[in-house]
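The values are calculated or read from the model by the stated rules, or taken from the named source; none is laboratory data. Please read all numbers here as calculations on a predicted model, not as lab measurements. Cβ placement follows ideal geometry from the backbone for every residue including glycine, while neighbour counts extend to all protein chains displayed. We work out accessible area using only protein heavy atoms, side chains counted, and drop any ligands, DNA or RNA first. Shrake-Rupley method; radii C 1.70, N 1.55, O 1.52, S 1.80 Å.
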Amino acid sequence: MNYSIPTPEEVRSKIWEKVHETPAFDIHTTLYDSRFEDDLQRTGIDELLTSDELSDELFRYSPRSLSNPNKELTREEFDILPLRIRSELIWHRLFLANTPLSESTRAVLTTIGLLGLDPKTRNLGAYRSFFNRSSKAEKIDTIIAKSNLESIVTCYNPLKKSVQKALELKNTDKRFYSALDMTELISNWKSKYSCLSKLGFEAKRTLDKNNYPIIRNYLSSLITNSKPVYFHLTLPSGMSFTTKGNNTLKLLIKCLIPVLCESSIALSLTFTEAKQSPTLNSLKLNQSLQFSNIDFITELSEMFPGLRLMITDYNYENQYALTLLSKKNHNIMPMNSMNHLSAPSAFKKITLMHFDQLGSSFIAHTSNADVYEKLLPEWAHSRWMLAEHLQQRYTNLYRTGWQVTEDELDREIYNLLSGNAKKFINIK
């Protein structure tokens, strides 16, 4: 065999180069393509600055109310402010009055730099002027190109009228794939079943053997018309097969999964508390603190071995159990798509777990971006960290006496950034 990379030093250099040059496949976002209404395509410095992560960080510094400086700004008051004002408040407090040391503020500065702007100027007005110079389509093209993405999957709620209307149009942008979020229908059947009648499927409120075929026909029509690459569902963390009379469980087992298995389409699952706590803010800590039901995932994967499951676990402490479960059950793919899990402290540890237990048979990253500019730091930072991980893994490999070819290195990096994701959801 011709060992084209004979030394660890050379392989480290090649890894850095190839990780940054290899296009990635972003398997989960909520970014809307050109078929959708203009206001759904979120882009710009103000949208970036007013993300949930930065808005939450703002309140760590006890900002003052604009109407009464003697009082603290409330979240309710903040949420109804115009976008530009909210953006300016965050810029002043997090970037000027305090040093931007958090991962969320660093992401903004990375975005500014990757777009060719100068972070040292600290001039929000100049940054806004830059974003206003080009059309939304041009901005999106630039961001996707600079993020080095070959394709993006967007997850939609098919019950939204704006989504229904747009999905009827032919997708001419081959960079975008569709996934469908069925949470609203499956988890709120009693209040949402009537939506099917409006679409020509006369479903009844009561779930029984006569109603299941109607629901399956609706789901099959979504697959035919929208061509989703997977379905997504958020379930309560306490979901269990021992729960009797649970409509969500009935719809999952009797309708959704049979249709997905028949069509060879994957299912993406996340878990959250059944009821949202009014005391928790937009970081959705009720998700990140909640343990997923590993037993339920295990039973589901074993009951339906032909169903491919992508599991997003918001809880860092749950990651090791999920990783081991994925090793034992080959139809499970761990998918970390929550922003606080892509911060360096979590990303490095979770990726190390995956390498230790799964080799290279996992999806290295997905952005979960809801604003186009978020793609830039998400993929820049994850590539930096992935390259460092791979450099260490291959250095350890060379210490055993093993060597690799450049073709082998190309293969593994392609699979981590793109190939594993596409294979799992059946994209050629």
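Overview of results
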item	result
Carbon plus sulfur fraction of accessible area for the chain, probe 1.4 Å, in percent	51 percent
Label point distance in nm, LEU324-LEU81, each placed 7 Å from Cα along Cα→Cβ	4.7 nm
Those chymotrypsin sites (Phe, Trp or Tyr not before Pro) in segment 305-403 that DSSP places in a loop and that have at most 11 other beta carbons within 10 Å	TRP402
Set of lysines near LYS328 by C-alpha distance (under 23 Å), chain-local residues within fewer than 8 positions excluded	LYS348, LYS349, LYS422, LYS423
Loop chymotrypsin sites (Phe, Trp or Tyr not before Pro), segment 1-90 (other Cβ atoms within 10 Å of the site Cβ: 13 or fewer; DSSP)	TYR3
Local electrostatic count at PRO305 - Lys and Arg +1, Asp and Glu -1, tallied over other residues with Cβ under 13 Å	0
Solvent-accessible area per residue for the chain (1.4 angstrom probe, square angstrom)	47 Å²
Those trypsin sites (Lys or Arg not before Pro) in segment 1-110 that DSSP places in a loop and that have at most 11 other beta carbons within 10 Å	LYS71
Rounded to the nearest 10 Å², the accessible area of GLU72 at probe 1.4 Å	100 Å²
